[in-house]
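Accompanying notes for the structure given below.
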Amino acid sequence: MACRNFEDIMDDPSVQPITDDLVLPFQIEASRLRGRMVKLGPALDEILTRHAYPEPVARFLAETMTLAMLLSSMLKYDGIFTLQTKGDGPVRLMVADITSVGDIRAYAQFDEEALAKAADDVAIAPAPALLGKGHIAFTVDQGPNTERYQGIVELYGKTLADCVQHYFRQSEQIDTGLTVSVDQETLPDGSKGAWRAGGIMIQRLPQDATEKVLGSGDEDAWRRAMVLLSSTTGDELLDPDLPARDLLFRLFHEDGVRVWQPKALRFGCRCSRERVSDMLSSLPRDEVQSLKIDDGRVEVVCQFCSTAYHFDDADLDRVYGTAK
(Lines give C-alpha, C1' and ligand atoms only; values in the text may rest on other atoms or scores of the structure.)
Protein backbone atom coordinates (compact mmCIF):
# COMPACT_ATOMS: atom_id res chain seq x y z
CA MET A 1 0.00 0.00 0.00
CA ALA A 2 1.62 3.23 -1.13
CA CYS A 3 2.36 6.01 1.33
CA ARG A 4 1.75 9.55 0.11
CA ASN A 5 1.94 13.05 1.48
CA PHE A 6 -1.44 14.51 2.31
CA GLU A 7 -0.87 17.43 -0.04
CA ASP A 8 0.02 15.08 -2.92
CA ILE A 9 -3.29 13.28 -2.64
CA MET A 10 -5.25 16.50 -2.21
CA ASP A 11 -3.72 17.87 -5.43
CA ASP A 12 -4.10 14.68 -7.49
CA PRO A 13 -7.34 14.89 -9.55
CA SER A 14 -7.04 11.22 -10.51
CA VAL A 15 -7.61 10.09 -6.92
CA GLN A 16 -11.29 9.50 -6.16
CA PRO A 17 -11.55 9.46 -2.37
CA ILE A 18 -13.57 6.83 -0.55
CA THR A 19 -15.72 8.83 1.85
CA ASP A 20 -17.54 6.10 3.79
CA ASP A 21 -16.91 2.57 5.07
CA LEU A 22 -13.15 2.91 5.13
CA VAL A 23 -10.00 2.67 7.21
CA LEU A 24 -7.44 5.40 6.51
CA PRO A 25 -3.89 4.80 7.83
CA PHE A 26 -1.85 7.90 8.66
CA GLN A 27 1.30 9.11 10.36
CA ILE A 28 1.96 12.38 12.17
CA GLU A 29 5.25 13.42 10.62
CA ALA A 30 6.64 15.63 13.40
CA SER A 31 6.53 12.83 15.98
CA ARG A 32 6.28 9.72 13.78
CA LEU A 33 3.17 8.63 15.66
CA ARG A 34 1.07 6.23 13.63
CA GLY A 35 -2.69 6.14 13.51
CA ARG A 36 -5.86 4.95 11.83
CA MET A 37 -9.18 6.61 11.14
CA VAL A 38 -12.42 4.71 10.52
CA LYS A 39 -15.67 6.00 9.01
CA LEU A 40 -18.64 3.62 8.89
CA GLY A 41 -21.93 4.35 7.16
CA PRO A 42 -23.99 2.04 4.91
CA ALA A 43 -22.11 -1.12 5.92
CA LEU A 44 -22.72 -0.43 9.62
CA ASP A 45 -26.36 0.43 9.06
CA GLU A 46 -26.95 -2.76 7.06
CA ILE A 47 -25.49 -4.90 9.85
CA LEU A 48 -27.52 -3.25 12.60
CA THR A 49 -30.81 -3.11 10.71
CA ARG A 50 -30.70 -6.88 10.12
CA HIS A 51 -31.34 -7.25 13.87
CA ALA A 52 -34.04 -5.74 16.05
CA TYR A 53 -31.55 -4.65 18.69
CA PRO A 54 -32.63 -2.16 21.36
CA GLU A 55 -30.90 1.20 20.91
CA PRO A 56 -28.27 0.74 23.67
CA VAL A 57 -27.24 -2.66 22.28
CA ALA A 58 -27.07 -1.38 18.69
CA ARG A 59 -24.98 1.59 19.79
CA PHE A 60 -22.58 -0.59 21.77
CA LEU A 61 -22.23 -3.10 18.94
CA ALA A 62 -21.47 -0.23 16.53
CA GLU A 63 -18.69 0.89 18.88
CA THR A 64 -17.39 -2.68 18.97
CA MET A 65 -17.24 -2.78 15.16
CA THR A 66 -15.46 0.58 14.99
CA LEU A 67 -12.83 -0.55 17.48
CA ALA A 68 -12.40 -3.85 15.63
CA MET A 69 -11.69 -1.93 12.42
CA LEU A 70 -9.16 0.32 14.15
CA LEU A 71 -7.36 -2.54 15.87
CA SER A 72 -7.27 -4.92 12.91
CA SER A 73 -5.88 -2.25 10.61
CA MET A 74 -2.79 -1.95 12.82
CA LEU A 75 -1.90 -5.59 12.08
CA LYS A 76 -0.58 -7.47 9.08
CA TYR A 77 -2.59 -10.66 8.73
CA ASP A 78 -4.23 -12.86 6.13
CA GLY A 79 -7.39 -14.23 7.67
CA ILE A 80 -9.87 -13.04 10.29
CA PHE A 81 -9.52 -10.57 13.16
CA THR A 82 -12.14 -10.91 15.90
CA LEU A 83 -13.00 -8.57 18.78
CA GLN A 84 -15.18 -10.24 21.41
CA THR A 85 -16.56 -9.20 24.78
CA LYS A 86 -18.03 -11.57 27.35
CA GLY A 87 -19.58 -10.48 30.60
CA ASP A 88 -22.20 -11.18 33.23
CA GLY A 89 -24.21 -8.04 32.45
CA PRO A 90 -27.30 -7.51 30.26
CA VAL A 91 -25.17 -7.80 27.08
CA ARG A 92 -23.64 -11.22 27.58
CA LEU A 93 -21.70 -11.40 24.33
CA MET A 94 -20.63 -9.14 21.48
CA VAL A 95 -18.63 -10.32 18.48
CA ALA A 96 -17.28 -8.30 15.56
CA ASP A 97 -14.90 -9.70 13.00
CA ILE A 98 -13.20 -8.43 9.87
CA THR A 99 -11.40 -10.35 7.17
CA SER A 100 -8.12 -9.17 5.72
CA VAL A 101 -10.00 -8.14 2.55
CA GLY A 102 -12.40 -5.85 4.45
CA ASP A 103 -15.56 -7.93 5.01
CA ILE A 104 -17.17 -7.09 8.36
CA ARG A 105 -19.96 -8.67 10.38
CA ALA A 106 -21.13 -8.59 14.00
CA TYR A 107 -23.81 -9.70 16.46
CA ALA A 108 -24.79 -9.37 20.11
CA GLN A 109 -26.55 -11.56 22.69
CA PHE A 110 -28.45 -9.82 25.47
CA ASP A 111 -31.04 -10.25 28.21
CA GLU A 112 -33.93 -7.88 27.51
CA GLU A 113 -35.23 -7.82 31.09
CA ALA A 114 -31.79 -7.12 32.56
CA LEU A 115 -31.22 -4.46 29.92
CA ALA A 116 -34.35 -2.56 30.99
CA LYS A 117 -33.21 -2.58 34.63
CA ALA A 118 -29.79 -1.15 33.68
CA ALA A 119 -31.19 1.71 31.59
CA ASP A 120 -30.46 4.43 34.16
CA ASP A 121 -26.78 3.46 34.44
CA VAL A 122 -25.99 3.18 30.72
CA ALA A 123 -25.50 6.91 30.17
CA ILE A 124 -23.12 7.16 33.15
CA ALA A 125 -20.87 4.15 32.51
CA PRO A 126 -22.06 2.07 29.54
CA ALA A 127 -19.40 -0.66 29.75
CA PRO A 128 -20.04 -1.72 33.37
CA ALA A 129 -23.81 -1.21 32.99
CA LEU A 130 -24.12 -3.32 29.85
CA LEU A 131 -21.27 -5.80 30.10
CA GLY A 132 -20.79 -6.21 33.85
CA LYS A 133 -17.70 -8.17 34.85
CA GLY A 134 -15.92 -10.13 32.17
CA HIS A 135 -13.21 -9.86 29.57
CA ILE A 136 -12.39 -8.51 26.15
CA ALA A 137 -10.50 -10.69 23.68
CA PHE A 138 -8.67 -10.00 20.41
CA THR A 139 -8.07 -12.96 18.11
CA VAL A 140 -6.20 -13.28 14.81
CA ASP A 141 -6.97 -16.50 12.93
CA GLN A 142 -4.96 -17.03 9.74
CA GLY A 143 -6.37 -20.46 9.02
CA PRO A 144 -5.11 -24.02 9.44
CA ASN A 145 -1.40 -24.71 9.87
CA THR A 146 -0.85 -21.31 11.50
CA GLU A 147 -0.62 -20.34 15.15
CA ARG A 148 -3.67 -18.52 16.41
CA TYR A 149 -2.93 -15.30 18.31
CA GLN A 150 -5.20 -14.18 21.14
CA GLY A 151 -4.97 -11.39 23.69
CA ILE A 152 -7.35 -11.28 26.66
CA VAL A 153 -7.78 -8.66 29.38
CA GLU A 154 -10.48 -7.96 31.97
CA LEU A 155 -13.14 -5.37 31.19
CA TYR A 156 -11.99 -2.19 32.90
CA GLY A 157 -13.29 1.32 32.21
CA LYS A 158 -16.46 3.31 31.69
CA THR A 159 -16.54 2.78 27.92
CA LEU A 160 -15.45 0.06 25.54
CA ALA A 161 -12.71 2.38 24.25
CA ASP A 162 -11.44 2.62 27.86
CA CYS A 163 -11.32 -1.18 27.99
CA VAL A 164 -9.23 -1.30 24.81
CA GLN A 165 -6.82 1.32 26.14
CA HIS A 166 -6.51 -0.71 29.34
CA TYR A 167 -5.57 -3.73 27.24
CA PHE A 168 -2.75 -1.87 25.51
CA ARG A 169 -1.44 -0.49 28.81
CA GLN A 170 -1.56 -3.84 30.61
CA SER A 171 -0.74 -6.38 27.90
CA GLU A 172 1.08 -4.60 25.09
CA GLN A 173 2.59 -1.62 26.96
CA ILE A 174 1.85 0.65 24.00
CA ASP A 175 0.62 4.20 24.54
CA THR A 176 -2.72 4.43 22.74
CA GLY A 177 -5.15 7.29 22.24
CA LEU A 178 -8.71 6.60 21.11
CA THR A 179 -11.83 8.51 20.27
CA VAL A 180 -15.01 6.88 18.97
CA SER A 181 -18.46 8.24 18.19
CA VAL A 182 -21.69 6.44 17.24
CA ASP A 183 -25.15 7.80 16.49
CA GLN A 184 -28.22 7.60 14.27
CA GLU A 185 -28.93 10.34 11.80
CA THR A 186 -31.92 12.54 12.66
CA LEU A 187 -34.31 12.97 9.74
CA PRO A 188 -36.18 16.23 8.97
CA ASP A 189 -39.36 14.88 10.59
CA GLY A 190 -37.45 14.11 13.79
CA SER A 191 -37.36 10.35 13.32
CA LYS A 192 -34.17 8.32 13.43
CA GLY A 193 -32.39 7.37 10.22
CA ALA A 194 -29.26 5.39 9.38
CA TRP A 195 -26.55 4.48 11.84
CA ARG A 196 -23.08 6.02 11.50
CA ALA A 197 -19.82 5.61 13.40
CA GLY A 198 -16.33 7.05 13.32
CA GLY A 199 -13.11 6.68 15.25
CA ILE A 200 -9.46 7.65 15.40
CA MET A 201 -6.66 5.72 17.10
CA ILE A 202 -3.08 6.94 17.58
CA GLN A 203 -0.24 4.83 18.96
CA ARG A 204 3.28 5.51 20.11
CA LEU A 205 5.40 2.45 19.45
CA PRO A 206 8.20 1.45 21.84
CA GLN A 207 11.49 3.16 21.00
CA ASP A 208 14.76 1.42 20.32
CA ALA A 209 18.06 2.64 21.83
CA THR A 210 18.89 4.83 18.82
CA GLU A 211 15.56 6.59 18.87
CA LYS A 212 15.88 7.30 22.59
CA VAL A 213 19.25 8.96 22.05
CA LEU A 214 17.85 11.04 19.18
CA GLY A 215 14.90 12.02 21.36
CA SER A 216 12.16 11.06 18.88
CA GLY A 217 8.61 10.49 20.11
CA ASP A 218 9.12 12.67 23.18
CA GLU A 219 6.46 13.34 25.79
CA ASP A 220 5.61 16.81 24.50
CA ALA A 221 4.80 15.47 21.04
CA TRP A 222 2.64 12.71 22.53
CA ARG A 223 0.75 15.11 24.79
CA ARG A 224 0.18 17.49 21.89
CA ALA A 225 -1.22 14.69 19.74
CA MET A 226 -3.56 13.64 22.54
CA VAL A 227 -4.80 17.22 23.03
CA LEU A 228 -5.52 17.53 19.32
CA LEU A 229 -7.21 14.13 19.28
CA SER A 230 -9.42 15.09 22.23
CA SER A 231 -10.55 18.20 20.34
CA THR A 232 -12.30 16.02 17.74
CA THR A 233 -16.08 16.24 18.03
CA GLY A 234 -18.64 13.54 17.44
CA ASP A 235 -20.21 15.65 14.69
CA GLU A 236 -16.88 15.71 12.84
CA LEU A 237 -16.39 11.97 13.10
CA LEU A 238 -19.92 11.24 11.89
CA ASP A 239 -20.30 13.91 9.20
CA PRO A 240 -20.79 12.07 5.84
CA ASP A 241 -19.71 15.23 4.00
CA LEU A 242 -16.39 15.55 5.87
CA PRO A 243 -13.88 13.11 4.31
CA ALA A 244 -11.48 11.36 6.67
CA ARG A 245 -8.43 12.95 5.08
CA ASP A 246 -9.92 16.44 5.49
CA LEU A 247 -10.54 15.87 9.19
CA LEU A 248 -6.99 14.58 9.69
CA PHE A 249 -5.64 17.67 7.95
CA ARG A 250 -7.83 19.87 10.14
CA LEU A 251 -6.39 18.23 13.27
CA PHE A 252 -2.73 17.64 12.48
CA HIS A 253 -1.70 19.84 9.52
CA GLU A 254 0.73 21.88 11.62
CA ASP A 255 2.71 18.75 12.45
CA GLY A 256 2.39 17.23 8.98
CA VAL A 257 0.12 14.32 8.07
CA ARG A 258 1.19 11.46 5.83
CA VAL A 259 -1.60 9.16 4.66
CA TRP A 260 -1.78 5.81 2.94
CA GLN A 261 -4.42 4.70 0.48
CA PRO A 262 -7.67 3.95 2.34
CA LYS A 263 -8.99 0.41 2.70
CA ALA A 264 -12.62 -0.13 1.78
CA LEU A 265 -14.94 -1.94 4.21
CA ARG A 266 -18.20 -3.73 3.46
CA PHE A 267 -20.72 -6.00 5.11
CA GLY A 268 -19.95 -9.62 4.34
CA CYS A 269 -21.16 -12.75 6.10
CA ARG A 270 -19.45 -16.10 5.56
CA CYS A 271 -22.52 -18.24 6.23
CA SER A 272 -23.86 -20.53 3.49
CA ARG A 273 -26.27 -23.41 3.11
CA GLU A 274 -23.32 -25.75 2.65
CA ARG A 275 -21.75 -24.66 5.94
CA VAL A 276 -25.05 -25.05 7.77
CA SER A 277 -25.42 -28.55 6.28
CA ASP A 278 -21.94 -29.46 7.53
CA MET A 279 -22.85 -28.18 10.98
CA LEU A 280 -26.09 -30.18 11.08
CA SER A 281 -24.33 -33.35 9.96
CA SER A 282 -22.06 -33.10 13.01
CA LEU A 283 -25.10 -33.30 15.33
CA PRO A 284 -27.25 -36.34 16.16
CA ARG A 285 -30.29 -36.39 13.91
CA ASP A 286 -32.61 -36.71 16.91
CA GLU A 287 -31.21 -33.44 18.23
CA VAL A 288 -31.67 -31.73 14.86
CA GLN A 289 -35.31 -32.88 14.75
CA SER A 290 -35.95 -30.68 17.80
CA LEU A 291 -35.14 -27.60 15.68
CA LYS A 292 -38.24 -28.04 13.54
CA ILE A 293 -40.67 -25.15 13.36
CA ASP A 294 -44.44 -25.21 12.80
CA ASP A 295 -44.24 -26.09 9.11
CA GLY A 296 -42.21 -29.21 9.87
CA ARG A 297 -38.90 -27.90 8.54
CA VAL A 298 -35.67 -27.43 10.50
CA GLU A 299 -34.75 -23.75 10.69
CA VAL A 300 -31.25 -22.45 11.35
CA VAL A 301 -30.76 -18.68 11.56
CA CYS A 302 -27.31 -17.11 11.17
CA GLN A 303 -26.53 -14.98 14.22
CA PHE A 304 -24.48 -12.53 12.16
CA CYS A 305 -26.80 -11.74 9.24
CA SER A 306 -30.18 -13.20 10.30
CA THR A 307 -30.42 -15.32 7.14
CA ALA A 308 -32.72 -18.31 7.75
CA TYR A 309 -31.85 -21.70 6.23
CA HIS A 310 -34.61 -24.32 6.02
CA PHE A 311 -34.31 -28.09 5.68
CA ASP A 312 -37.22 -30.43 5.12
CA ASP A 313 -37.05 -34.20 5.71
CA ALA A 314 -35.71 -34.83 2.20
CA ASP A 315 -32.97 -32.25 2.78
CA LEU A 316 -32.05 -33.90 6.07
CA ASP A 317 -31.86 -37.28 4.36
CA ARG A 318 -29.26 -35.79 2.03
CA VAL A 319 -27.41 -34.16 4.94
CA TYR A 320 -27.15 -37.49 6.74
CA GLY A 321 -26.52 -39.51 3.60
CA THR A 322 -29.73 -41.51 3.91
CA ALA A 323 -31.46 -40.32 0.74
CA LYS A 324 -32.77 -43.15 -1.43
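Results, tabulated for the structure shown:
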| item | result |
| --- | --- |
| Nitroxide proxy distance, nm - points 7 Å out along Cα→Cβ at HIS253 and GLU113 | 5.7 |
| Accessible-area composition of the stretch 48-150, carbon plus sulfur, in percent [1.4 Å probe] | 49 |
| Solvent exposure ordering (accessible area, 1.4 Å, most first) of TRP260, TRP195 | TRP260, TRP195 |
| Stretch gain in nm, segment ALA125-ASP239, where the contour uses 0.36 nm per residue and the Cα spacing is subtracted | 38.5 nm |
| The chain: most fluctuating residue of SER290, SER281, SER31 per GNM, C-alpha cutoff 10 Å | SER290 |
| Within the chain, percent of DSSP bridges classed antiparallel, to nearest 5 | 95 |
| Sum of -39500 (n - 2.57) over DSSP H runs of 4+, divided by residues of the chain (222 nm, nearest 500) | -9000 deg cm²/dmol |
| Cα-based shape type of the chain, given that a ≥ b ≥ c are square roots of the gyration tensor eigenvalues and the cut on a/c is 1.5 | prolate |
| Choice from LYS39, LYS158, LYS192 showing the highest fluctuation, given a GNM over the chain with Cα pairs closer than 10 Å | LYS192 |
| Neighbour net charge for ILE200 - beta-carbon separation under 11 angstrom, K R +1, D E -1 | +1 |
| Charge sum, other residues only, whose C-beta stays under 11 Å from GLY296's C-beta, Lys/Arg counted +1 and Asp/Glu -1 | -3 |
| Mean separation of Cα contacts under 8 Å (6+ apart) over length of the stretch 238-324, as relative contact order % | 19 |
| Accessible-area order (highest first, 1.4 angstrom probe) of the listed residues LYS76, LYS292, LYS117 | LYS76, LYS117, LYS292 |
| Length gained when the stretch SER231-LYS192 is fully extended (0.36 nm per residue, less Cα-Cα span) | 11.4 nm |
| Anisotropy class of the stretch 51-138 from Cα gyration tensor, a/c 1.5 cut | prolate |
| Net charge over other residues, Cβ less than 13 angstrom from the Cβ of HIS310 (K, R count +1; D, E count -1) | -3 |
| Estimated distance in nm for a label pair at THR99 and GLU287, the labels positioned 7 Å out from Cα along Cα-to-Cβ | 2.8 |
| Cross-link pairs beyond the 31 Å C-alpha cut-off, checked among LYS158/LYS192; LYS39/LYS292; LYS76/LYS117; LYS117/LYS292; LYS133/LYS292; LYS117/LYS192 | LYS39/LYS292; LYS76/LYS117; LYS117/LYS292; LYS133/LYS292 |
| Relative contact order for the stretch 72-160, counting Cα pairs under 8 Å that sit 6 or more residues apart, in percent | 31 |
| Fluctuation leader among ALA43, ALA108, ALA123 - the chain, Gaussian network, Cα springs under 10 angstrom | ALA123 |
| Relative contact order [Cα under 8 Å, 6+ residues apart], the chain, whole percent | 24 |
| Translational diffusion coefficient (Stokes-Einstein; Kirkwood radius from C-alpha pairs) of the stretch 225-302 at 37 °C, 0.692 mPa s, in µm²/s | 185 |
| Accessible-area value, MET279, 1.4 Å probe, nucleic acids and ligands omitted, Å² | 80 |
| Heavy-atom accessible area ranking, 1.4 Å probe, most first, across VAL122, VAL101 | VAL101, VAL122 |
| The chain: DSSP helices with Cα axial extent of at least 18 Å and average Kyte-Doolittle hydropathy no lower than 0.0 | 55-72 |
| Solvent-accessible surface (1.4 angstrom probe) belonging to TYR156, in square angstrom, nearest 10 | 130 |
| Loop GluC sites (Glu not before Pro), the stretch 99-150, which have at most 13 other Cβ atoms in a 10 Å radius of their Cβ (DSSP) | GLU147 |
| Whole-Å distance, taken between Cα centres, linking the stretch 238-279 and the stretch 127-165 | 21 |
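The values are calculated or read from the model by the stated rules, or taken from the named source; none is laboratory data. It should be emphasised that the depicted structure is a prediction, and the values quoted were computed from it without experimental measurement. Here Cβ is always computed from backbone atoms with ideal geometry, including for glycine, and neighbour counts include all displayed protein chains. SASA here: full protein model, heavy atoms, side chains in, ligands and nucleic acids out. Shrake-Rupley method; radii C 1.70, N 1.55, O 1.52, S 1.80 Å.
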